[in-house]
Structures are given as C-alpha cells and as structure tokens.
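So the structure is just underneath, and the comments pick up after that.
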Amino acid sequence: MNKDEILAKSRKENENQDEMEMQVFAKSGQKACAVGGFVCVAIIILQSIFKDKVDFSVWAVYLSMTGTMLLYKYIKLKKKHELIFGLIQLVLAAIFLGMFIYNLVG
C-alpha cells in the first residue's frame, strides 16, 4: 500500500467526522465510566448501610459496559492488556449477574 492509498483510506474512514468531536466523545466516555463506577460504589455502600444486604446487579451492568468497551478497544488497537482486562470484567459481570438471578429465584 503506497502513501496515496493510505491517505485515501484514512480520508474515507474519517469522512463526516471532526477530529475534535471524536476526541471529545472519547473523553466523555471515559468520564462517564468513572462517574458510573463512583455511583456503583455509592449504591453498594448505601445498600449495605440501610438494607444489610448488598445487591451486586449494578456491578453486572457496569462491568458489562466497561468490559465491552475494552474488548472493542482491543479489536481496534490490538493492545493485549485491553483484551485481558475486558475479559476479566466480562467474567465478573457474568458472575454478578448469576448471583443476582440466584437471589431472585432463591
């Protein structure tokens, strides 16, 4: 692939996209994940204080979102640590979802 082909491919991939907008979107996703993590911690703390019972279903949702995000980043960037942490988070999400279902049924 020569320089002109690479440039044409890049232009096609980034068509109708502003680089500043893409960076802002990426940063907003990072901030949203951080805030979501803090909200999950707050929910767990409040449940343990007022209900004497902890429901980990919020973590199932949070970890499934962040794990999926990391796997997508791995697919696009091929960074091995993204794959490892993404898989760990998805496994934990499945465990927490299983615990939630077990508590519903049992």
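When the range 13-71 is examined, which residues are found to be over 23 Å from residue 94 (Cβ atoms) and among the basic types (Lys, Arg)?
Across the range 13-71, the qualifying residues are 27, 31, 51.
Those residues that are within 14 Å of residue 36 (Cβ to Cβ) and of a type in the set (A, V, I, L, M), I need them from the range 52-69; list them, please.
58, 60, 61, 63, 65, 69
Sort out which residues of the range 33-46 are without any contact (Cβ under 8 Å) to a residue 24 or more places away in the chain and in contact with a helix residue (DSSP H, G or I) (Cβ under 9 Å, 6 or more places away or on another chain), and write them in order of number.
39, 40, 43, 44
For residues in the range 49-106 being charged (D, E, K, R) and without any contact (Cβ under 8 Å) to a residue 12 or more places away in the chain, which is nearest to residue 29 (Cα to Cα)?
76
If you take just the helices (runs of 4 or more DSSP H) that sit entirely in the range 1-84, which of them hold at least 1 residues that are at pLDDT 90 or above? If you could, list the steps in order and put the result at the bottom.
Numbers: elements: 3-13, 19-50, 57-77.
By residue number, 19-50, 57-77.
Check the range 23-31 and report whether any residue there is aromatic (Phe, Trp, Tyr) and over 30 Å from residue 106 (Cα atoms).
The answer is yes, given that some residue of the range 23-31 is aromatic (Phe, Trp, Tyr) and over 30 Å from residue 106 (Cα atoms).
The values are calculated or read from the model by the stated rules, or taken from the named source; none is laboratory data. This is a predicted model, so every value here is computed, not measured. Note: ideal-geometry Cβ built from the backbone for every residue, glycine included; neighbour counts use all protein chains shown.
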